[in-house]
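A.B. asks: Structure in structure tokens, see below.
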Amino acid sequence: MTLNRKHHSAATRIGAAGLCALALASALPAVAQPNVAMDSAVFVEKAMPGNVRSLEPVSRLSRGDRVVTVVTWYRMGGGGGFIITNPLPRAISYEGSARDDQEVSVDGGRNWGRLGELRIAGRIATPEDVTHMRWRISPGNAAQGRGQIAYSGIVR
């Protein structure tokens, strides 16, 4: 293929600009995204004599049972913080989280905020409306390599 002088000049400028961009990009430090694994365990709260409550692994759930889900995360590599997003099963009505910094969604994860700030169908969203939860894990916490988050709900 033969290029005339006008096209050759443009191709040279694009090629030089591309090489310059590649050189700049390679000079910047690369930060690997964190590689995160998660596991979760579900427990049911049981009332014991003497006003004592215990958590037992779930074998069977009934309407009205209070469940606690513990999400354990492991940073397998990479750097920086990350976000954990957890869908809430439809059979569970959200009750609360052990962390104050969680955000919730009431529309399948499209919009996020704090309960009491989100609206659905013109009204303030309630715990029963929650479809997803997410937590931002800071770089400092992520550097610890492992962590847990717990939240509770009621079986509908």
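The values are calculated or read from the model by the stated rules, or taken from the named source; none is laboratory data. Please read these numbers as outputs of a predicted model, since none were measured by experiment. Neighbour counts run over all protein chains shown; Cβ positions are idealised from the backbone, glycine included.
A.B. asks: D101 is checked against (1) of a type outside the set (G, A, S); (2) in contact (Cβ under 8 Å) with a residue 60 or more places away in the chain; (3) in contact with a Phe, Trp or Tyr (Cβ under 8 Å, 6 or more places away or on another chain); (4) surrounded by fewer than 18 Cβ atoms within 10 Å (Cβ to Cβ) and fails just one. What number does that condition carry?
C.D. replies: In the conditions (1) of a type outside the set (G, A, S); (2) in contact (Cβ under 8 Å) with a residue 60 or more places away in the chain; (3) in contact with a Phe, Trp or Tyr (Cβ under 8 Å, 6 or more places away or on another chain); (4) surrounded by fewer than 18 Cβ atoms within 10 Å (Cβ to Cβ), D101 misses (2) alone.
A.B. asks: Restricting attention to strands (runs of 3 or more DSSP E) lying wholly within the range 54-144, give those where 3 or more residues are within 13 Å of the chain's Cα centre (by Cα) and either in the same structural domain as F43 (by TED's automatic domain parsing) or not aliphatic (A, V, I, L, M) (or both). It would help to see each step written out before you state the result.
C.D. replies: On the way: elements: 66-77, 82-87, 92-97, 103-105, 132-137.
So the answer is 66-77, 82-87, 103-105, 132-137.
A.B. asks: Name the single residue, out of those in the range 18-42 being surrounded by 10 or more Cβ atoms within 10 Å (Cβ to Cβ) and part of a loop (DSSP other than H, G, I, E, B), that is modelled with the lowest pLDDT. Walk me through it before giving the result.
C.D. replies: Here is the first cut: in the range 18-42, the residues surrounded by 10 or more Cβ atoms within 10 Å (Cβ to Cβ) are 18-22, 33-42.
Now drop any that are not part of a loop (DSSP other than H, G, I, E, B), which leaves 33-34.
Values: Q33: 77, P34: 82.
Ranking the qualifying residues of the range 18-42, first place goes to Q33.
A.B. asks: Considering the range 146-156 alone, what residues qualify as being within 16 Å of the chain's Cα centre (by Cα) and of a type outside the set (V, I, T)? Before the answer, list the steps.
C.D. replies: Narrowing the range 146-156 to residues within 16 Å of the chain's Cα centre (by Cα): 146-151.
If the condition is that a residue be within 16 Å of the chain's Cα centre (by Cα) and of a type outside the set (V, I, T), then R146, G147, Q148, A150, Y151 are the ones that fit.
A.B. asks: Let me ask something else. Return a yes/no flag: does the range 134-149 have any residue that is over 19 Å from A41 (Cβ atoms), at pLDDT 95 or above, surrounded by fewer than 12 Cβ atoms within 10 Å (Cβ to Cβ) and of a type in the set (K, R).
C.D. replies: no
A.B. asks: Please indicate, with yes or no, whether at least one residue in the range 43-53 is at pLDDT below 85 and either in the same structural domain as G147 (by TED's automatic domain parsing) or within 25 Å of N141 (Cα to Cα) (or both).
C.D. replies: Taking the range 43-53 as the starting set, the residues that turn out to be at pLDDT below 85 are none.
Scanning the range 43-53 turns up no residue that is at pLDDT below 85 and either in the same structural domain as G147 (by TED's automatic domain parsing) or within 25 Å of N141 (Cα to Cα) (or both).
A.B. asks: Name the residue that is farthest from V71 (Cα to Cα), counting only residues in the range 117-145 that are β-branched (V, I, T) and in contact (Cβ under 8 Å) with a residue 12 or more places away in the chain.
C.D. replies: Step one: list which residues in the range 117-145 are β-branched (V, I, T), which gives 120, 124, 126, 130-131, 137.
Keeping just the survivors that are in contact (Cβ under 8 Å) with a residue 12 or more places away in the chain gives 120, 130-131, 137.
Numbers: I120: 27, V130: 17, T131: 16, I137: 13 Å.
Among those that are β-branched (V, I, T) and in contact (Cβ under 8 Å) with a residue 12 or more places away in the chain, it is I120.
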